[in-house]
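Notes follow once the structure below has been shown.
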Amino acid sequence: IFLQFHRVMASGSAPSDPQVIIIGAGFSGLAAASTLVERGRKNVLVLEAMDRLGGRVYTVRPFGDDTIELGANWIHGQQGNPLYQLAKEQGLLAEEELHIAMCSPGCVTLQDYFFNEHGKQLETETAEKVCAYFGSLMRKAFDKDFDLKYSSWNLGDFLDQEFWSSGLSDFTDASRIFEWCKRSECTDEASSSLYDFSLSQLGTYKLLEGGVYNCLGPGGYQAILDILQRTLPLNTVLYNKPVRCIHWLDSPRTGSTSLTHPVRVVCEDGSEFLADHVIVTVSLGYLQDNALTLFDPQLPSRKLKAIARLGFGIVSKIFLEFDYRFWPEDCSGIQLLWDEGLEDKKHGEDWKKVWHKKICGFDEVARHDRVLCGWITGREAEYMENLDEKEVGEVCVRLLRDFTGWKVPSPRRVLRSTWWKNPYIRGSYTYIPVGIDAVKEQEILVEPLPSTQGGEPLQVLFAGEATHSQYYTTTHGAYLSGIREAERILRHY
Ligand SMILES: Cc1cc2nc3c(=O)[nH]c(=O)nc-3n(C[C@H](O)[C@H](O)[C@H](O)COP(=O)(O)OP(=O)(O)OC[C@H]3O[C@@H](n4cnc5c(N)ncnc54)[C@H](O)[C@@H]3O)c2cc1C
């Protein structure tokens, strides 16, 4: 493919067989490439900055033969979810008993052990009751049709208001559980704080019917990536090819297809590629950091504003492998309840000393009976990613000992994700901050360039999780966005 590109560059290509460069080999990039190739396009090239496929999907095997997912873990929803369908057809889903959910307000079971910071274990029924109420508030927020006057409202204030006026807040430990629910919800929403998160825009995300937490089989998410990769000719993806700049023409002189290869893509290593169309699938976090230099000429200001206005949150995982299972057989996770509220402003700059208070708890991991996974979000996750892994492990073990009073051994190995530190990702997934109209911003983000009133030259197109107005944050949103942009090019011809 690489050689073919250079050959075609020299001879000029027929408009019916355009050269398409896709930037990024995550789910959106692979879906775009696969769609184009399956529909007979021969000149498709994917430039990937890292040395692997998958982007924010990263299946590893650090603790033996079984997989650990450092990025996406579940397929969210079944009906209408193309990745669930694909995984099902190919026999890639986990067996029923291995569908382990993250412990979140909507999924608390008797196997979830809740401890407060004084070492007291709570009745799970109490936790269940508060969590169920929290779930009903989230559904209320989700289903309510807010008009624009609510655009400055945040989810945190709404939840507080409802909770403190309910009889539930009188129960002992109820407020601690409620605070835990809010911390846990930050993981789902990838927001540092629910007080930054838009209440009115919550319902723009569409939940698909069927189980929310569908797990993959022994091959993990990587098995789906492998299937997509097999649809592509050998060497369609070039690895270790970070793109430095996309040179496009903001005012093409003639009609939509008469200019051949109007876009020049320059990589960090100096290599250059010409294309008729470039599909940019890099994360919103990467765009927030690099949009000003990644495009020449610069992106239109409305697009730059949309990139800045949408939120890109940080969610990190901490895996602890122990020599033996110290927690009871019937315990699927240990949840930590703090006295203080999540958003307690008292900490000021001192939050760094108590970064660990953002860890919701430690859940068991499918197929690993000696491994626990902790979740952390926001600035505390960012801070954690910069600490030494050993120190992170020590802090986690101290928490587990203090809360449970159990004899917790030191971990044999610690592995944490570093999505924020990764220069090609810069966070985890999109969230909708207070004060914006999500659909409008996403529409602007998706608009192909250059914007012309007449034809659609489609030099630069945009895909990726953040560009899907209903399924942002997810792998299926990313996948569908890649197909959307590939089909836009196919329609053009
Ligand atoms: C911790 C975590 C947990 C998650 N859990 C789930 C989950 O359970 N279920 C779910 O559905 N989703 C989950 N997600 C979200 C999901 O992983 C993403 O929405 C999805 O994978 C995004 O795919 P993408 O193709 O849009 O972007 P990416 O996967 O980010 O792909 C973009 C690619 O572009 C590359 N790139 C960046 N800059 C350049 C450049 N200059 N030149 C060339 N290449 C470049 C990157 O290296 C990357 O490979 C999770 C994400 C994280 C981080």
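The values are calculated or read from the model by the stated rules, or taken from the named source; none is laboratory data. Since this is a predicted model, take the numbers as computed values, not measurements. Backbone-built Cβ (ideal geometry, glycine too); neighbour counts: all protein chains shown. In case anyone asks, the SASA skips ligands and DNA or RNA and just uses the protein heavy atoms, side chains included. Shrake-Rupley method; radii C 1.70, N 1.55, O 1.52, S 1.80 Å.
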Using the structure shown, decide if Cys181 is under 24 Å from Phe362 (Cβ atoms) and part of a strand (DSSP E or B).
no
Could you tell me whether segment 220-228 includes any residue that is closer than 24 Å to Thr59 by Cα, open to solvent by 20 Å² or more (accessible area, probe 1.4 Å) and within 14 Å of the ligand (Cβ to nearest atom)?
yes
Any idea which of Ser332, Ser410 is among the polar types (S, T, N, Q), modelled with pLDDT under 95 and either out of contact with any Lys or Arg (no Cβ under 9 Å at 6 or more places or on another chain) or not assigned by TED's automatic domain parsing to the domain that holds Leu110 (or both)?
Ser332
Every residue in segment 190-210 that is open to solvent by 30 Å² or more (accessible area, probe 1.4 Å) and of a type outside the set (S, T, N, Q), please.
Tyr195, Asp196, Tyr205, Lys206, Leu207, Glu209, Gly210
Regarding segment 429-439, can at least one residue be identified that is open to solvent by 10 Å² or more (accessible area, probe 1.4 Å), under 21 Å from Ser192 (Cα atoms), without any contact (Cβ under 8 Å) to a residue 60 or more places away in the chain and within 14 Å of the ligand (Cβ to nearest atom)?
no
Of all residues in segment 64-90, count the ones that are more than 12 Å from His476 (Cα to Cα) and either more than 13 Å from the ligand (Cβ to nearest atom) or β-branched (Val, Ile, Thr) (or both).
8
Taking interchain pairs and intrachain pairs at least six residues apart, which have beta carbon atoms under 8 angstrom, with the first residue in segment 238-250 and on the phi > 0 side of the Ramachandran plot and the second open to solvent by less than 40 Å² (accessible area, probe 1.4 Å)?
Asn240/Glu48; Asn240/Ala49; Asn240/Met50
Cβ-Cβ distance below 9 Å, separation of 6 or more or different chains: which pairs start in segment 103-123 with a residue that is touching a residue at least 24 places away in the same chain (Cβ under 8 Å) and end on one that is open to solvent by 10 Å² or more (accessible area, probe 1.4 Å) and of a type in the set (Lys, Arg)?
Phe114/Arg176; Asn116/Arg176; Glu117/Arg176; Leu122/Arg176
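The rows are residues; the columns are (1) within 16 Å of the ligand (Cβ to nearest atom); (2) open to solvent by less than 40 Å² (accessible area, probe 1.4 Å); (3) farther than 23 Å from Arg398 by Cα.
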{"site": "Phe295", "(1), (2), (3)": "yes, yes, yes"}
{"site": "Leu299", "(1), (2), (3)": "yes, yes, yes"}
{"site": "Lys305", "(1), (2), (3)": "no, no, yes"}
{"site": "Leu310", "(1), (2), (3)": "yes, yes, yes"}
{"site": "Gly313", "(1), (2), (3)": "yes, yes, yes"}
{"site": "Trp327", "(1), (2), (3)": "no, yes, no"}
{"site": "Gln335", "(1), (2), (3)": "no, yes, no"}
{"site": "Asp350", "(1), (2), (3)": "no, no, no"}
{"site": "His368", "(1), (2), (3)": "no, yes, no"}
With open to solvent by less than 10 Å² (accessible area, probe 1.4 Å), more than 12 Å from the ligand (Cβ to nearest atom) and of a type outside the set (Lys, Arg) as the only criterion, which of Val44, Val57, Val37 stands out?
Val44
Looking only at segment 92-116, and only at residues there that are more than 16 Å from the ligand (Cβ to nearest atom) and open to solvent by 60 Å² or more (accessible area, probe 1.4 Å), the one that is farthest from Arg56 (Cα to Cα):
Leu110
Considering only segment 460-473, I want to know if a residue exists there that is farther than 25 Å from Tyr195 by Cα, in the same structural domain as Gln19 (by TED's automatic domain parsing) and within 8 Å of the ligand (Cβ to nearest atom).
yes
